[in-house]
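Peer 1: This is the structure I want to talk about, given as C-alpha cells.
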Amino acid sequence: MSEPISGILTPNITPVDQQGRVDEDTLRAYVDWLIEKGVDGLYPNGSTGEFVRFTPEERRRIVQVVTDQTAGRVPILAGAAEANTKETIDACEAYGAMGVRAVAIVAPFYYRLSDQGVYAYFREIADTVSVDVTLYNIPLFASPISVDTVVRLASECPRVVGIKDSSGDLPNMMRMISQIRPIREDFSFLTGWDAALVPMLVAGANGGTNATSGVVPELTRAIHRTVVAGDIKQAMKLQYQLLPLFDAMISIGEFPEGFRAGARSRGWDLGPGRVPLSEQQKSAVANAQRQIDALLGEYADSPRDTIAVGNIEKIVAQVVSQLRVQS
C-alpha cells in the first residue's frame with residue numbers, strides 16, 4: 001500500500017509569452033522557485049493553470065516540461081481531463097509514462113451528468129489506466145461528485161487514490177473522510193479551497209492544492225506544517241493572514257488573473273493569460289495589483305531577487321524556526 005499524497009501541491013500558473021505561447025524557460029524557472037520555497041508537489045494543468053485554454057498537445061508539453069525540470073524532487077499530480085473518456089485515458093497513460101505520481105481528473109464539464117453518469121465515467125477510466133487517479137470535484141465548473149460516488153469509487157477502484165475537493169464544503173469533506181479512511185488508509189483528501197485550508201486540515205485532510213501556494217508557497221507550507229505539529233492557534237493566525245490575500249486574488253478579472261497579479265507581486269511576470277480582458281477589467285486588475293502589492297509588501301524588480309521588506313517575510317519569519325524542527 002502506497003503512502004497517501006500529502007502536503008501542499010501547487011496548481012501552478014502556466015507562463016505564456018506576449019504571443020500567447022507557453023513560455024517554457026519561465027515555467028522551468030518558476031518550478032525551481034516553487035520547489036526552493038518548499039512546496040510538497042506540483043500540479044500542472046489544473047484550473048489555476050488554465051488547462052481548458054490550451055490544446056491537448058500543449059497540455060502534454062506542459063506536463064513534460066514540469067516533470068523534466070522537477071527531476072523527481074517532488075511528486076507531480078498532473079491534470080489529465082480531456083473532452084471525452086478515450087482522450088482522457090490517453091492523456092493519463094501519457095502522463096503516467098512521464099513519471100507523474102498520479103493524475104487528477106475533473107468530472108465531466110459542459111454537460112451536467114447524474115451521479116450514475118459521473119460514477120460510470122470514473123469507473124471506466126480507473127479500470128483502464130495504469131496510473132493512479134485522483135478525483136477532482138469542482139462543482140462551480142463541472143458535474144459535482146457526490147459523497148456517495150466518492151465512497152463507491154474508493155471502495156471499488158484501487159487505482160482511485162484520492163480526491164481534490166474545491167467545493168469548500170467542510171461537512172462533505174468530513175463525511176468522505178469518516179466513510180473512506182477506515183477502509184482505505186492510502187486514500188488522500190486534498191482541499192482546493194484556500195479560505196478553509198486550516199479547517200480542512202484539522203478535519204483530517206492530508207493537504208491542499210491551493211492557488212495561493214503559487215504566490216506565497218512559504219505561507220501555505222507553514223500552515224500545513226503548523227497544523228501537523230498540532231499548533232492550531234498559530235495555524236489559524238496564519239490562515240487569517242492568507243485569507244485577505246486569497247480574497248483579493250480570486251475577486252478580480254477572469255480567473256486566474258488575480259493569481260497572475262499575485263505572482264507579479266513576487267517578481268514573476270508569467271504573462272497575460274489567454275483570455276482577453278476589457279479595458280474596464282484591465283483597470284480593475286491594475287487597481288487590485290496595488291492592493292495585492294500592499295498586502296505582500298515591497299519587492300525587488302527582478303524575479304530572482306529576494307524580498308526587501310514585506311508582510312510575507314514577517315509572517316514566514318515567525319514560523320521558520322518551527323519549520324526547521326518539523327522538517
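Coordinate-derived values only; no laboratory data. Just so it is clear, the model here is predicted, and its values are computed rather than measured. Please note: Cβ atoms are built from the backbone with ideal geometry, for glycine as well, and neighbour counts cover all protein chains shown.
Peer 1: Measure nothing fancy, just the Cα-based angle from helix 279-296's long axis to the longest principal axis of the chain, in degrees from 0 to 90, nearest 10.
Peer 2: Once rounded, one gets 80 degrees.
Peer 1: Follow-up. Read through the labelled values [x] 52; [y] 73; [z] 64 and report the label of the one computed as percent of Cα pairs over 24 Å apart from the structure.
Peer 2: So the structure-derived entry is [x].
Peer 1: If you take every DSSP beta bridge whose two residues both sit in the chain, what share of them, in percent to the nearest 5, is antiparallel? Walk me through the numbers before you get to the answer.
Peer 2: Working: 2 of 25 bridges.
So the antiparallel bridges in the chain amount to around 10 percent.
Peer 1: Here is a follow-up. Could you work out how far apart the two model spin labels at residue 98 and residue 247 are, taking each label as a point 7 Å from the Cα in the direction of the beta carbon, and quote it in nm?
Peer 2: Result: 3.7 nm between the two label points.
Peer 1: Sort 232, 76 so the one with the fewest other Cβ atoms within 10 Å of its own Cβ comes first. Mind showing how you got there, number by number?
Peer 2: Working: 232 15, 76 23.
Sorted ascending by nearby Cβ count, the order is 232, 76.
Peer 1: Efficiency by 1/(1 + (r/R0)^6): what FRET value for residue 68 and residue 19, r their Cβ-Cβ distance, R0 = 25 Å, to the nearest 0.05? Can you show the working numbers first?
Peer 2: Details: r = 23 Å, r/R0 = 0.90.
Efficiency at R0 = 25 Å is approximately 0.65.
Peer 1: Quick check for me: using +1 on Lys/Arg Cβ and -1 on Asp/Glu Cβ, what's the dipole size of segment 14-145 about its Cα centre, in debye to the nearest 20? Intermediate results must be reported in sequence, preceding the final value.
Peer 2: Working: 12 positive and 19 negative charges, 42 e Å.
Approximately 200 debye in magnitude.
Peer 1: Ignoring solvent entirely, what values of log10 I(q)/I(0) come out of the Debye formula for segment 7-156 at 0.10, 0.15 Å⁻¹ when each Cα is a single scatterer?
Peer 2: Cα-only, vacuum Debye calculation for segment 7-156: -0.34, -0.75.
Peer 1: Then there's this: Any chance you could give the angle, 0 to 90 degrees and rounded to 10, that helix 85-98 forms with the longest Cα principal axis of the chain?
Peer 2: 60 degrees
Peer 1: Take residue 57 and residue 228, extend 7 Å from each Cα along the Cα→Cβ direction, and tell me the distance between the two endpoints in nm.
Peer 2: About 4.1 nm separates the two model spin labels.
Peer 1: Quick one: what do you get for segment 224-285 if you divide its Cα Rg by 2.2 N^0.38 Å? If you can, show how the numbers build up before the last one.
Peer 2: On the way: Rg = 15.3 Å, N = 62, 2.2 N^0.38 = 10.6 Å.
It is 1.45.
Peer 1: Moving on. So if I place +1 on the C-beta of Lys and Arg and -1 on the C-beta of Asp and Glu, and nothing else carries charge, what would the dipole magnitude of the chain be about its Cα centre? I want it in debye, nearest 20. Please report the intermediate quantities before stating the final value.
Peer 2: Details: 31 positive and 39 negative charges, 116 e Å.
That gives a dipole near 560 debye.
Peer 1: Given the -39500 (n - 2.57) contribution per DSSP H run of 4+ residues, what per-residue ellipticity at 222 nm results for the chain, rounded to the nearest 500 deg cm²/dmol?
Peer 2: Values: 12 runs with 158 residues, N = 327.
Here the helix-only value at 222 nm equals -15500 deg cm²/dmol.
Peer 1: Roughly speaking, what is the stretch gain from residue 87 to residue 294, that is 0.36 nm per residue apart minus the C-alpha to C-alpha distance, in nm to one decimal? Write down the numbers at each step before the final one.
Peer 2: Details: separation 207, 0.36 × 207 = 74.52 nm, distance 4.38 nm.
Full extension of this stretch gives 70.1 nm more.
Peer 1: Roughly what angle does helix 24-36 make with the longest principal axis of the chain, taking Cα atoms, 0 to 90 degrees, to the nearest 10?
Peer 2: 90 degrees
Peer 1: Please give, to one decimal in nm, the separation of the simple spin-label points placed at residue 275 and residue 115, each 7 Å out from Cα toward the Cβ.
Peer 2: 3.1 nm
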